[in-house]
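One structure is given below, encoded as C-alpha cells.
The values are calculated or read from the model by the stated rules, or taken from the named source; none is laboratory data. In this text the structure is predicted, and so the values were computed from the model without any measurement. We place every Cβ from the backbone using ideal geometry, glycine too, and count neighbours over all the protein chains shown. Accessible surface areas use protein heavy atoms only, side chains included; no ligands, DNA or RNA. Shrake-Rupley method; radii C 1.70, N 1.55, O 1.52, S 1.80 Å.
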Amino acid sequence: MSETVLTRQQASEAVTDHGWRFVLGSLCTAVAVSSLAQAAEVAALAVAAAGPGAEERLLLDLRGDRVLLTVQVPGAMRVTGRETALAVRVSAALTEAGYTTDAVGGPKRAVQLLEIAVDALDIAAVRPFWLAVLGYDEVGDDPGAAVVDPYGQGPAVWFQQMDSPRTQRNRIHLDISVPHDEADRRVAAAVAAGGRVVYDKEAPAFRVLADPEGNEVCVTTWLGRD
C-alpha cells in the first residue's frame, strides 16, 4: 500500500463517500449503537478489518450509544494511501454487518477534533509547564511543537508565538476542527447562540468567533490549506 502522503483534497475524496471525514490530519467517523455490547462488536469488526499492524493507526472510543473511530499516522498530522485504504476496509466490514459509518449525521453531532492554543512570548519557557501539569507527551524534538495526551483522551495543546504582551483578550483559545461540510452549520449555530464572527478572511480554513464577552474560538477545516 502506498506510503505517499496525500494532499488534503485527496485524503478527503478517498473516504468521504464511505462515511468518513478528513479532520486535522486524521480520518474520523462515528457508528451509532444501542449498547456497550454492540459497541464492542463494532470495535471487534473494525480491528479485524484493519488487519495486522493497525494498532497504532486505528483509535477507538466506545460508548453505549456510539463508537468513534479515528485513523491516523502515529505522531504525524498526515494521511497516506495506507490509512485511507484502512478506513475503506473498516467501513465495508461494518456495512456488511449492518452498521453505518457516519461522520456528519452521527448519534450526537459531527465528528470533530479539539486543540487548545496557548499564546506565549517564550514558548520554550511555558511548554514544559503544560507537559508537566497535563501529564502529556512531546511529539518529536521541536521545542515549539504541540504536546499530546499519551492515551488520546484529551485535546492536543499547541503554542502560538506572540510578539508582545496581550492583556485585553484571552491568551488561551480552542481550535475546533470539523468536517469541511459541517463548518458553515457550526458557525451559524454559534452566531445564533449569541456569538459573532471576529475574522473570516481565511475561511474556510479557519474562522475566529467570539462569545458575548469576547472569548475566542477558531472553527477550522482542511479546505484552503493545500
task: State the percentage of accessible surface on the chain attributable to carbon and sulfur atoms; use a 1.4 Å probe and exclude ligands, DNA and RNA.
output: 53 percent
Rh by Kirkwood over Cα pairs, then Stokes-Einstein D for the range 60-127 at 1.306 mPa s and 10 °C, µm²/s: 106 µm²/s
- request: Would you mind checking the tilt of helix 81-96 against the longest principal axis of the Cα atoms of the chain, expressed as 0 to 90 degrees and rounded to 10?
  value: 50 degrees
field: Inverse mean reciprocal Cα-Cα distance (Kirkwood Rh) of the chain, Å
entry: 18.7 Å
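Counting heavy atoms of the protein chains only and a 1.4 Å probe, report the per residue accessible area for the range 154-226 as a whole number of Å². Don't jump to the answer; show the numbers that get you there.
Values: 4150 Å² over 73 residues.
Here the residues of the range 154-226 average 57 Å² of exposed surface.
Stokes-Einstein diffusion coefficient for the range 92-166 at 10 °C in a medium of 1.306 mPa s, Rh from the Kirkwood formula over Cα pairs: what value in µm²/s?
On the way: Rh = 14.9 Å.
Roughly 107 µm²/s, to the nearest whole number.
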- line: For the range 1-46, the per residue accessible area (1.4 Å probe, Å²) is 46 Å²
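Can you give the FRET efficiency to the nearest 0.05 for Ala44 and Ala188, using r as the Cβ-Cβ distance and R₀ = 41 Å? If you can, show how the numbers build up before the last one.
On the way: r = 39 Å, r/R0 = 0.94.
FRET efficiency, Ala44 to Ala188: 0.60.
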message: Tell me the net charge near Asp200. Cut-off is 14 Å between Cβ atoms, Asp200 excluded, with +1 for each Lys or Arg and -1 for each Asp or Glu.
response: +1
- prompt: Against the longest alpha carbon principal axis of the chain, how many degrees, from 0 to 90 and to the nearest 10, is the axis of helix 123-134 turned?
  reply: 50 degrees
query: What residues of the range 40-75 lie in the reach of a label at Glu138, counting those whose backbone N is under 14 Å from a point 7 Å from the Cα along Cα→Cβ?
result: none
- line: Projected onto their principal axes, the Cα atoms of the range 8-77 stretch, largest extent first, over whole-Å spans of 35, 24, 18
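Among 193-202, 119-128, how do they line up from the highest to the lowest mean number of other beta-carbon atoms within 10 Å? Before the final figure, lay out the partial values.
Details: 193-202: 12.4, 119-128: 14.5.
Going by the mean number of other Cβ atoms within 10 Å, highest first, we get 119-128, 193-202.
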